[in-house]
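S.K.: The following block contains the structure, expressed as structure tokens.
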Amino acid sequence: MTEPTKPPAKVEPSLSFWDKLSRLWGAQPQEEQSEPVKTLEIACQADAPDLPLQQPLETIARVLYQTDRVAPPCDQVIDQPFSEDAINIKASGQCIKGNRIIDTVIGTELDQQQGLAKRAHRDGVQLIPTKASVGNYQFMAGTLEDLTIENNHIISKGLLQGIFASDGVLRNINIGNNCIDTQAEHKITLNGLLSGKLSNNRDSSGQLLSIYLGPLRIGGNLATGNVWILSFAADDEYRYAPLSEIIPESDQSADAANPYPHVRDERHKPQNRSGHLGDTNLYAFPLGRFKHHLDNATIEHLLMLQTNLESLFKDWLGRLCQILPEAQVNVLKEAYQAERHVPIAQIKHQALRHYFLQALAKQLGSLEDPMVGKV
């Protein structure tokens, strides 16, 4: 005789979202699954047109150095042409030192064919937290730490960005004595920097380079809007170090009212970069608990705790129909049914994982700054 299916754990309304979620995944072994769910009835009104693909750049590399595969370069002249980045730093504890990076593809026939001089997001050095077998680990607040990037010279007549990081947690990142001569707005741009030293980075005229520091982003932005972390929970191990701990006195101006004129620090500033979709800015974010939940909580758990989440998910699928081919949206819908009981960190379909990374983050963080009104 078959035993009845174990009912979901009861969730007491007075508990916090953290406690409710912990009880749910703690009471439901991973192998137990609820009744099969109905197929989502989301039909694309019109298949998005296939975008014309660029001809492959057969004679040049996309990225010259990916440091989770090869040793990080030091004291090298890096003048081989590349289409995207010269160096991707993908592992903690590495040193990129004494290199001369020359963007030699600019002005060539390939540049004229592909528009590389004006292509956005090409980087001399890009920081990308990486974990084996986990795609886009940086969107999960993956961590990159204990890095040294110093005494490098990055040269480009195009819009090559200097040293750049868009996603991930960056701790103890030391960037010093670099010279960056490019035409891009972003000379040194780091989202998610918690700590480190940024010192004596200049252009060839001797001027201090502009530095932009942005907040940590969760889950990317595929028609979802961005989710930004503006501060961390008081009992969390994570925090944004103040500029006084990051910029040395030697790089500070004499103006006490504006001691860091070359730095734009927006780590605590609400962002709105997604137009009509809107961004979500979260305060007092329990990043340690968020990472803990990723290995245990499932889509099914989140649906049980947020009654409108499935409706919001369907709205998102509708938006994707406007920008992706119908076949890709159908694959995502199939993954939604197949991976509902998989821990969020282990969801294989990346877009699906990113959506529910954001859904979890929105439940754990606060939309209001708890420090407002405090002396």
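The values are calculated or read from the model by the stated rules, or taken from the named source; none is laboratory data. Please read these numbers as outputs of a predicted model, since none were measured by experiment. Every residue, glycine among them, receives a Cβ derived from its backbone with ideal geometry; neighbour counts consider all protein chains shown. Accessible surface areas use protein heavy atoms only, side chains included; no ligands, DNA or RNA. Shrake-Rupley method; radii C 1.70, N 1.55, O 1.52, S 1.80 Å.
S.K.: Would you mind telling me the share, in percent, of accessible area of the chain contributed by carbon and sulfur at probe 1.4 angstrom?
M.R.: 49 percent
S.K.: Find the lysine pairs in segment 117-206 meeting two conditions, Cα atoms under 19 Å apart and a separation of 8 or more places or different chains, and report how many there are.
M.R.: Count of close lysine pairs: 4.
S.K.: What does the extension gain come out to for Leu222 and Arg100, with contour length at 0.36 nm per residue minus their alpha carbon separation?
M.R.: Difference between extended and current length: 40.4 nm.
S.K.: Skip the ligands, DNA and RNA, and give the accessible area per residue of the chain with a 1.4 Å probe, whole Å².
M.R.: With the other protein chains kept in place, the chain gives 50 Å² per residue.
S.K.: If the only charges are +1 at each Lys and Arg Cβ and -1 at each Asp and Glu Cβ, what is the size of the charge dipole of the chain around the Cα centre, to the nearest 20 debye?
M.R.: Here the chain has a charge dipole of around 260 debye.
S.K.: Now, a different point. Would you mind giving the average projected area, over all directions, of the Cα convex hull of the chain in nm² with one decimal?
M.R.: Averaging across all directions leaves 23.0 nm² for the Cα convex hull.
S.K.: Would you mind working out the magnitude of the charge dipole of segment 179-278 relative to its Cα centre, with +1 at each Lys and Arg C-beta and -1 at each Asp and Glu C-beta, to the nearest 20 Debye?
M.R.: 320 debye
S.K.: Continuing with the same structure: Test of the criteria: in segment 90-151, which GluC sites (Glu not before Pro) are in a DSSP loop and have at most 10 other Cβ atoms within 10 angstrom of their Cβ?
M.R.: Hits after loop and neighbour filter: nothing returned.
S.K.: Next question, about the same structure. Dipole of the chain (Lys/Arg Cβ +1, Asp/Glu Cβ -1, origin at the Cα centre): which of Val169, Phe290, Leu209 lies farthest to the positive side?
M.R.: It is Phe290, whose Cα lies furthest towards the positive end.
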